[in-house]
Every structure is written in structure tokens, then in C-alpha cells.
Amino acid sequence: MLVSTTVIEVGIDVPNASVMVIEHAERFGLSQIHQLRGRVGRGGHASFCVLLYQEPLGEHGEARLRALVESSTVS
């Protein structure tokens, strides 16, 4: 298990990492979440990025999370 701040979004490469959990995902911008979720799935294993959020979601937070869900591919 690796616990980190958002500093992980730049320069960390752990190829076998297959699961990432982002707490309070509604607080991050689209670019930041995209960079964070890019840290998993670099190896040959299936990978997952779980976004946790705190309700009630504000209008902007909901829009950002919805855009991520709609642009994600699941295979």
C-alpha cells in the first residue's frame, strides 16, 4: 500500500500498482484526477481507480466527476 498526497501525480512509476482510491475526488480538477489515475495500470494487470466523494456535491464538483465517468472506458 502506498499512501500519498497529490505529489504522486508527477514522476512516480510503480508498474504493478493496480488500484488507486482518491478520497474527496470532488475537490480535484479534471487534469489533476486524470494525472492521478494515470499512475495505475502501467503493468500487465487490470487496474481500477475508485473516486470517493463527500455529499452534498456542489454543481462544479458533480460536473467534474460526471465528465470523468462519461469519458472513462471500461473493458
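The values are calculated or read from the model by the stated rules, or taken from the named source; none is laboratory data. Source: prediction; values computed, not measured. Glycine also receives a Cβ, built like all others from the backbone with ideal geometry; neighbour counts cover every protein chain displayed. Heads up: the accessible areas ignore ligands, DNA and RNA and are worked out on the full protein's heavy atoms, side chains in. Shrake-Rupley method; radii C 1.70, N 1.55, O 1.52, S 1.80 Å.
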Matching label, Cα extents along the principal axes in Å computed from the structure shown, candidates [x] 36, 28, 19; [y] 49, 20, 16; [z] 31, 29, 18
[x]
Virtual spin-label span in nm between Arg66 and His45, 7 Å along Cα→Cβ
3.5
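Using a probe radius of 1.4 Å on heavy atoms only, what accessible surface per residue do you get for the chain? Whole Å² is fine.
75
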Within 13 Å, Cβ to Cβ, of Asn16, how many net charges do the neighbouring residues add up to if Lys/Arg are +1 and Asp/Glu are -1?
+1
Nearest 500 deg cm²/dmol is fine: what mean residue ellipticity at 222 nm does the chain get from its DSSP H runs of n ≥ 4 alone, each adding -39,500 (n - 2.57), divided by its residue count?
-8500 deg cm²/dmol
If you roll a 1.4 angstrom probe over the protein chains with everything in place, what fraction of the accessible area of the chain belongs to carbon and sulfur, to the nearest %?
54
Compute the distance in nm between two label points, each set 7 Å from the Cα along the Cα-to-Cβ direction, one at Leu30 and one at Thr5.
2.7
